[in-house]
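Student: Here's a structure for you.
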Amino acid sequence: MPDKDYDLVVIGAGSGGVRASRFAAANHGKRIAVIENRRVGGTCVMRGCVPKKLLVYGAHFADDFENARGYGWDATRPAFDWTLLIDAKNRELQRLEDVYHGLLKSSNVDEITGTGRIADTHTVEVDGKTYTCDYILVATGGYPATPDIPGIEHVINSDHALDLEELPKHIVIVGGGYIAVEFAGIFSAVGVETHLMFRADNILRGFDNDIRVMLRDELEKKGINLHAKTQITAITKTSDGYRLQLDTGETMDTGLVMYATGRRPNSAGIGLEEVGIEINAKGAVVVDDTSKTAVNNIYAIGDLTNRINLTPVALEEGMAVVETIFGARPTAVDYTNVASAVFSQPPVGSVGLSEEEARKNHDVDIYRSSFKPMKHTLSGSDERAMMKLIVDKKTDVVLGCHMVGADSPEIIQGFAVALKCGATKAQFDATIGIHPTAAEEFVTMRTPVSA
Ligand code: NDP
């Protein structure tokens, strides 16, 4: 008889926690329990990537109806029903949650509902009941963070935005990151007067500067009102919405305020520090290369550790932890060339270094192409696309590959493989393009734009 209830107890059934649980149970035959206090599937499946992308698909029809006219369709834009979209999205989330429950069951993972708290290094407590285990994996994710300003209780965050009962006529979205930009695209496309307000001089800090400038221009062309270098200092309720006091001295009235000003790790109240686990100033659990915390048998992954906060990274970290503890093979995730996308309209796809990052350590050639996609020669849309390659002059290795334009997340996923393999510009050039596509531009750019 084993002396513990489980080999591994996982706290948090989001993407990382579920993947680790299933992998440990199915591939290593271990006894696993996973604890969750909200819906199985976590942020990505229930409150993030998945519902967001469904709304992005929904919003995109606005452009499609417009574009169809240039192709001979006698199309007037049909009426849009937000409630119908939200209901359909919720049905899909329910289906996915059922799938997740089914997957855990078929892998023989025990699901425990409630809030897990580490009682000691080998015991997790859930609502007064304790479970002993050899290892603990903490994968509790993060939550939307908002600044402490007067009236902040009036604002919504991305969780609420995904379940709005009715659309406002006018919305102010605060922040210039992934979430703010993506929701601005959704709300604007479905007819809400959308204002994007951010404290920096441009959106998407950390992305390649040409990409940021291009996307900013495209968002403006779509009718999104951008307010750079602007912060809200106070929010008051009015009879039909909210009045915002801005640090520019002006005020603005709006029907709804959404904050997307970053996320913080869910590290409080689960007994981490009490057992000696280190938490940094941003609230993230400090781990080593194998995701091990300061306590030998306790690991942490995903947004809780604030490394690269993306679902596929959390999945990889979860599998690496299982390999480390049950495969007896210490496994670290390789964080180089992790591609990501912003599902704005048009979207952004990006892998590798931005020009600004690359120039810090490399002598580089820049290849850039900006053009009107073929689809829009007839559609009448003025949407443009841009692709950019950053190449190390000495080694010819492609250091960065970035795109703004339709299908860029799909296109960049393929080029991410090339960058992971260390492809050179000569190898890009030796690749024959697929014609006519936008993607072929990545293998036909021959003249650097600047040295
Ligand atoms: P981000 O970190 O991407 O952006 C946060 C934004 O809020 C920045 O523009 C930042 O400004 C601004 N900000 C931060 N604090 C304040 C403040 N006190 N007042 C005003 N503005 C502030 O966070 P998001 O919330 O957009 O997304 C969280 C994370 O979720 C992302 O980092 C990403 O990892 C993940 N995500 C990924 C997606 C994808 O892959 N498509 C989609 C959605 C989320 P500044 O730049 O000046 O610091």
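The values are calculated or read from the model by the stated rules, or taken from the named source; none is laboratory data. This structure is a prediction, so every number in the text was calculated from the model and none was measured. Positions of Cβ are generated from backbone atoms using ideal geometry, with glycine treated the same way; all protein chains shown enter the neighbour counts.
Student: Of all the residues that make up segment 323-345, how many are of a type in the set (S, T, N, Q), surrounded by 17 or more Cβ atoms within 10 Å (Cβ to Cβ) and more than 30 Å from residue 54 (Cβ to Cβ)?
Tutor: 2
Student: Out of the residues in segment 162-175 that are more than 21 Å from the chain's Cα centre (by Cα) and in a loop (DSSP other than H, G, I, E, B), which is farthest from residue 240 (Cα to Cα)? Please lay out each step first, then the result.
Tutor: Going through segment 162-175, the residues more than 21 Å from the chain's Cα centre (by Cα) turn out to be 165-171.
Still in the list and also in a loop (DSSP other than H, G, I, E, B): 165-169.
On the way: 165: 16, 166: 14, 167: 13, 168: 10, 169: 11 Å.
The extreme case among them is 165.
Student: Is it the case that some residue within segment 193-208 is surrounded by 24 or more Cβ atoms within 10 Å (Cβ to Cβ) and within 19 Å of residue 163 (Cα to Cα)?
Tutor: Within segment 193-208, one or more residues are surrounded by 24 or more Cβ atoms within 10 Å (Cβ to Cβ) and within 19 Å of residue 163 (Cα to Cα).
Student: While we're on this one: Give the residue, chosen from 363, 334, that is more than 15 Å from the ligand (Cβ to nearest atom), more than 26 Å from residue 187 (Cβ to Cβ) and under 22 Å from the mean Cα position of the chain (by Cα).
Tutor: Details: 363 fails: under 22 Å from the mean Cα position of the chain (by Cα).
The match here is 334.
Student: Next question. Does residue 298 fit the bill of being hydrophobic (A, V, I, L, M, F, W, C), over 16 Å from the mean Cα position of the chain (by Cα) and under 26 Å from residue 145 (Cβ atoms)? Please lay out each step first, then the result.
Tutor: Numbers: hydrophobic (A, V, I, L, M, F, W, C): yes; over 16 Å from the mean Cα position of the chain (by Cα): yes; under 26 Å from residue 145 (Cβ atoms): yes.
Considered against the rule, which asks whether it is hydrophobic (A, V, I, L, M, F, W, C), over 16 Å from the mean Cα position of the chain (by Cα) and under 26 Å from residue 145 (Cβ atoms), residue 298 comes out as yes.
Student: Output the residue which, of all residues in segment 300-331 that are away from the ligand (no atom under 14 Å from the Cβ) and assigned to a loop (DSSP other than H, G, I, E, B), is nearest to residue 30 (Cα to Cα).
Tutor: 327
Student: Then there's this: Looking at segment 11-45 only, could you name the residues that are under 18 Å from the mean Cα position of the chain (by Cα) and either basic (Lys, Arg) or surrounded by fewer than 22 Cβ atoms within 10 Å (Cβ to Cβ) (or both)?
Tutor: 19
Student: Among 437, 447, 395, 377, which is the only one that is within 30 Å of residue 196 (Cα to Cα) and surrounded by fewer than 14 Cβ atoms within 10 Å (Cβ to Cβ)?
Tutor: Details: 437 fails: within 30 Å of residue 196 (Cα to Cα); 447 fails: within 30 Å of residue 196 (Cα to Cα); 395 fails: within 30 Å of residue 196 (Cα to Cα).
So the residue among 437, 447, 395, 377 that is within 30 Å of residue 196 (Cα to Cα) and surrounded by fewer than 14 Cβ atoms within 10 Å (Cβ to Cβ) is 377.
Student: With the structure loaded, tell me whether residue 272 is within 16 Å of the ligand (Cβ to nearest atom), buried (at least 20 other Cβ atoms within 10 Å of the Cβ) and of a type in the set (A, V, I, L, M) or whether it fails that test.
Tutor: Values: within 16 Å of the ligand (Cβ to nearest atom): no; buried (at least 20 other Cβ atoms within 10 Å of the Cβ): yes; of a type in the set (A, V, I, L, M): yes.
Criteria not met by residue 272.
Student: For residue 320, work out the one condition from (1) in contact (Cβ under 8 Å) with a residue 24 or more places away in the chain; (2) crowded, with 18+ Cβ neighbours inside 10 Å; (3) over 24 Å from residue 283 (Cα atoms) it doesn't fulfil.
Tutor: That leaves (3) as the condition not met.
Student: Then there is this: Looking at (1) within 15 Å of the ligand (Cβ to nearest atom); (2) under 27 Å from residue 215 (Cα atoms), which is the only condition residue 163 fails?
Tutor: Of everything listed in (1) within 15 Å of the ligand (Cβ to nearest atom); (2) under 27 Å from residue 215 (Cα atoms), residue 163 misses just condition (1).
Student: Continuing with this model, one more query. Pairs needed: first member in segment 113-125, farther than 18 Å from residue 141 by Cα; second member anywhere, assigned to a loop (DSSP other than H, G, I, E, B) and among the charged types (D, E, K, R); C-beta distance under 8 Å; at least 6 residues apart or different chains.
Tutor: Pairs that qualify, where the first residue is farther than 18 Å from residue 141 by Cα and the partner is assigned to a loop (DSSP other than H, G, I, E, B) and among the charged types (D, E, K, R), are 122/4.
Student: If residue 126 meets every condition in (1) within 24 Å of residue 54 (Cα to Cα); (2) buried (at least 18 other Cβ atoms within 10 Å of the Cβ); (3) hydrophobic (A, V, I, L, M, F, W, C) apart from one, which number is that one?
Tutor: Just one mismatch for residue 126, condition (1).
Student: Further question: Residue under question is residue 213, and the condition is that it be surrounded by fewer than 17 Cβ atoms within 10 Å (Cβ to Cβ), among the hydrophobic types (A, V, I, L, M, F, W, C), within 16 Å of the ligand (Cβ to nearest atom) and under 30 Å from residue 356 (Cα atoms); does it hold?
Tutor: Details: surrounded by fewer than 17 Cβ atoms within 10 Å (Cβ to Cβ): yes; among the hydrophobic types (A, V, I, L, M, F, W, C): yes; within 16 Å of the ligand (Cβ to nearest atom): yes; under 30 Å from residue 356 (Cα atoms): yes.
For residue 213, the condition - surrounded by fewer than 17 Cβ atoms within 10 Å (Cβ to Cβ), among the hydrophobic types (A, V, I, L, M, F, W, C), within 16 Å of the ligand (Cβ to nearest atom) and under 30 Å from residue 356 (Cα atoms) - is met.
Student: Assess whether residue 40 counts as being more than 16 Å from the ligand (Cβ to nearest atom) and either outside any strand (DSSP E or B) or at pLDDT below 95 (or both). Give the steps one after another, and end with the answer.
Tutor: Details: more than 16 Å from the ligand (Cβ to nearest atom): yes; either outside any strand (DSSP E or B) or at pLDDT below 95 (or both): yes.
In short, yes.
Student: Moving on. So, of the residues in segment 176-211 that are out of contact with any Leu (no Cβ under 9 Å at 6 or more places or on another chain) and among the small types (Gly, Ala, Ser), which turns out to be nearest to residue 145 (Cα to Cα)?
Tutor: Among residues in segment 176-211 that are out of contact with any Leu (no Cβ under 9 Å at 6 or more places or on another chain) and among the small types (Gly, Ala, Ser), the one nearest to residue 145 (Cα to Cα) is 200.
Student: Tally up the residues in segment 188-216 that are in contact (Cβ under 8 Å) with a residue 24 or more places away in the chain and assigned to a helix (DSSP H, G or I), please. Steps first, please.
Tutor: Step one: of segment 188-216, the residues in contact (Cβ under 8 Å) with a residue 24 or more places away in the chain are 188-211, 214-215.
In the following step, the residues that additionally are assigned to a helix (DSSP H, G or I) were identified as 188-189, 209-211, 214-215.
The qualifying residues number 7.
Student: Does segment 136-150 contain any residue that is over 29 Å from residue 314 (Cα atoms), more than 15 Å from the chain's Cα centre (by Cα) and crowded, with 20+ Cβ neighbours inside 10 Å?
Tutor: Of the residues in segment 136-150, the ones over 29 Å from residue 314 (Cα atoms) are 148-150.
Going one step further and asking which of them are more than 15 Å from the chain's Cα centre (by Cα), we end up with 148-150.
Now drop any that are not crowded, with 20+ Cβ neighbours inside 10 Å, which leaves none.
No: zero hits.
Student: Given the conditions (1) touching a Leu at 6+ places or on another chain (Cβ under 7 Å); (2) closer than 25 Å to residue 153 by Cβ; (3) of a type outside the set (S, T, N, Q); (4) more than 10 Å from the ligand (Cβ to nearest atom), and given that residue 220 satisfies all but one, which numbered condition is not satisfied?
Tutor: Among (1) touching a Leu at 6+ places or on another chain (Cβ under 7 Å); (2) closer than 25 Å to residue 153 by Cβ; (3) of a type outside the set (S, T, N, Q); (4) more than 10 Å from the ligand (Cβ to nearest atom), the lone unmet condition for residue 220 is (2).
Student: Let me ask something else. Can you tell me which residue within segment 93-137, out of those that are in contact with a helix residue (DSSP H, G or I) (Cβ under 6 Å, 6 or more places away or on another chain) and within 24 Å of residue 278 (Cα to Cα), is farthest from the ligand (Cβ to nearest atom)?
Tutor: Within segment 93-137, the match that is farthest from the ligand (Cβ to nearest atom) is 121.
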